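See below for the structure under consideration.
The values are calculated or read from the model by the stated rules, or taken from the named source; none is laboratory data. What you see is a predicted model, and the numbers here were worked out from it, not measured in a lab. For neighbour counting, all protein chains shown are included, and Cβ atoms are generated from backbone atoms with ideal geometry for every residue, glycine included. Surface accessibility is based on the protein's heavy atoms, side chains included, excluding ligands, DNA and RNA. Shrake-Rupley method; radii C 1.70, N 1.55, O 1.52, S 1.80 Å.
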Amino acid sequence: GAVVSQHPSWVICKSGTSVKIECRSLDFQATTMFWYRQFPKQSLMLMATSNEGSKATYEQGVEKDKFLINHASLTLSTLTVTSAHPEDSSFYICSARDLRGSSYNEQFFGPGTRLTVL
Amino acid sequence: GENVEQHPSTLSVQEGDSAVIKCTYSDSASNYFPWYKQELGKRPQLIIDIRSNVGEKKDQRIAVTLNKTAKHFSLHITETQPEDSAVYFCAALLLSNDYKLSFGAGTTVTVRA
């Protein structure tokens, strides 16, 4: 149980285009999902917290108009990188909390999406 | 917010030896401390976690210790094997901070055969 998927696993796009990344909880409902960005040889940096049915909460320094987050259902959150530029190239990872049972503190991570902007 | 520091940044050990990674956190209210193993290009995988009401937890070759007074926690891997080579991240979670995880900078562990 507690499986999180992401799609696509990798994407290459031209500068100026927008890219949408999906994060799904496959076997549980996730009222809260988190979006992270990880640059090579660096740690995971939280970008935003996505709450079902409400606006996302962005971390300091993350442009909400550039990284659009939608959490329309209890199993799906999307991150759209608008007008992507080469500096947005990174590994984007989502995670979700499963509020059931004793694992309520644990976050389950998706497999990540490698974004390359040319 | 929470600040997690992790040391060392790299660690090379001989197969069969032990590896120890240490982390400190700043917010005494943090109460959940997971450790993740991440292989290149893959998702972080939870390998062990500890809650603030416990001082030590062990799972086969992996153990974690927590010192709440000093605000530090450590990962211990015994009898290391080549497949233990990866990047390890510690993290701390503050319940009052919307369950956000704060990650350490990571430790690249290399197990020499």
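Please report the spacing between the Cα centers of the stretch B:15-39 and the stretch B:76-113 in Å, no decimals.
Centre-to-centre (Cα) distance: 5 Å.
Would you kindly enumerate the cysteines in chain A that have no other Cys beta-carbon under 4.7 Å from their beta-carbon?
A:CYS13
For the stretch A:1-116, with equal point scatterers placed on the C-alpha atoms only and solvent neglected, what are the log10 I(q)/I(0) values from the Debye formula at q = 0.10, 0.13, 0.20 1/Å, to two decimals?
Debye curve over Cα of the stretch A:1-116, log10 I(q)/I(0) at q = 0.10, 0.13, 0.20 Å⁻¹: -0.26, -0.45, -1.05.
Given all pairs of different Cα atoms, what value in angstroms does the Kirkwood hydrodynamic radius of the stretch A:37-82 take?
11.4
List the extent of the Cα atoms of the protein assembly as shown along each of their three principal axes, largest first, rounded to whole Å.
49, 37, 32 Å, listed from the longest principal axis down.
Computed on protein heavy atoms with a 1.4 Å probe, what is the summed buried accessible area for the chain pair A and B, in Å² to the nearest 100?
Between A and B, the summed buried area is about 1700 Å².
On the accessible surface of the protein assembly as shown, probed at 1.4 Å, how many percent belong to carbon and sulfur atoms?
For the protein assembly as shown, the apolar C and S fraction of the accessible surface comes to 50 percent.
Taking just the C-alpha trace of chain B, give me its Rg and Dmax in Å.
Computed over the Cα atoms of chain B, radius of gyration and Dmax are 13.5, 44 Å.
Give me the net charge of A:SER73's neighbourhood, meaning all other residues with Cβ under 14 Å from the Cβ of A:SER73; Lys, Arg count +1, Asp, Glu -1.
-1
Please list, ordered by chain and number, the residues whose modelled amide H lies under 5 Å from the amide H of B:ALA91; skip anything fewer than 5 residues away on the same chain.
Amide H neighbours of B:ALA91, under 5 Å, 5+ apart: B:GLY104.
Can you tell me the order of B:81-89, A:6-14, A:26-34 when each peptide is scored by its average per-residue count of other Cβ atoms within 10 angstrom, highest first?
A:26-34, B:81-89, A:6-14
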